[in-house]
1. Among 55-65, 125-135, how do they line up from the highest to the lowest mean number of other beta-carbon atoms within 10 Å?
2. If one puts a single equal scatterer on every Cα of the chain and applies the Debye formula without solvent, what log₁₀ I(q)/I(0) results at q = 0.18, 0.19, 0.22 Å⁻¹?
3. Working from Cα positions, state the angle (0 to 90°, nearest 10) between the long axis of helix 104-114 and the longest principal axis of the chain.
4. Within region 1-33, what residues put their amide N at less than 19 Å from the label point 7 Å along the Cα-to-Cβ vector of residue 72?
5. Name the residues whose placed amide hydrogens come within less than 5 Å of the amide hydrogen of residue 85, ignoring near sequence neighbours (fewer than 5 apart) on the same chain.
6. What is the dipole size for the chain, taken about its Cα centre, with +1 at each Lys and Arg Cβ and -1 at each Asp and Glu Cβ, in debye to the nearest 20?
7. Of all DSSP beta bridges in region 4-138, what percent run antiparallel (nearest 5)?
8. May I ask you to compute the full-extension gain from residue 85 to residue 35, defined as 0.36 nm times their residue separation minus their alpha-carbon distance, rounded to one decimal in nm?
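Any read-out appearing in this document is the output of simple, stated calculations on the displayed coordinates, not a laboratory observation. Predicted model, so just to flag it, every value in this text is computed and none were measured. Methodologically, a virtual Cβ is constructed for each residue, glycine included, from the backbone with ideal geometry; neighbour enumeration extends over all protein chains shown.
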Amino acid sequence: MTLVCVVPCLYCDGRAILPRQSRLGKFQGLPNPTTASWPAMFLCRKCERTYLGLAGTIRPSDEQLPGPMSGHVPALWQIEFECERENCGEPHVLYSRWLEGDTAGRVEALAVSASSQVPCRDGHSVQIASTKEPEMWPY
Ligand SMILES: [Zn+2]
Ligand SMILES: [Zn+2]
């Protein structure tokens, strides 16, 4: 059986599946995260809260991908945005699991509604009204 690597949500049993190879690292059955990319912020598709994904929580799982194990199965969204609070402009990235039927617009709307949970500089929370076009990463 082929194992995928997942990042579990801190609040529920939701999980994000990591692509086999991306800037987050190599995840072919065993976690091999790129140190500079972790911890990373994730948006859970089950409880719709954001959580800090820690490299140490990445684990192999026998979770099924929504399709054959080819390079073209969608796995993860990358959503980039900047904090729009006055004099801030800090760039942020949220990662989110790809779900069947997803569109970039739906994922952007979720990210905007959840962004106030994302910590920014100096202790404030991110304020955004829109994101860059969310990018889908294949497995
Ligand atoms: Zn969750
Ligand atoms: Zn900010």
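1. Values: 55-65: 13.7, 125-135: 15.7.
Highest mean packing first, the order is 125-135, 55-65.
2. Log10 I(q)/I(0), no solvent term: -1.00, -1.11, -1.43.
3. The angle comes out near 60 degrees.
4. Taking a point 7 Å out along Cα→Cβ of residue 72, the residues of region 1-33 whose backbone N falls under 19 Å are 19-21.
5. 127
6. Working: 13 positive and 15 negative charges, 89 e Å.
My answer is approximately 420 debye.
7. Details: 28 of 31 bridges.
Taking every DSSP beta bridge with both residues in region 4-138, the antiparallel ones total about 90 percent.
8. On the way: separation 50, 0.36 × 50 = 18.00 nm, distance 2.91 nm.
Length difference between fully extended and current span is 15.1 nm.
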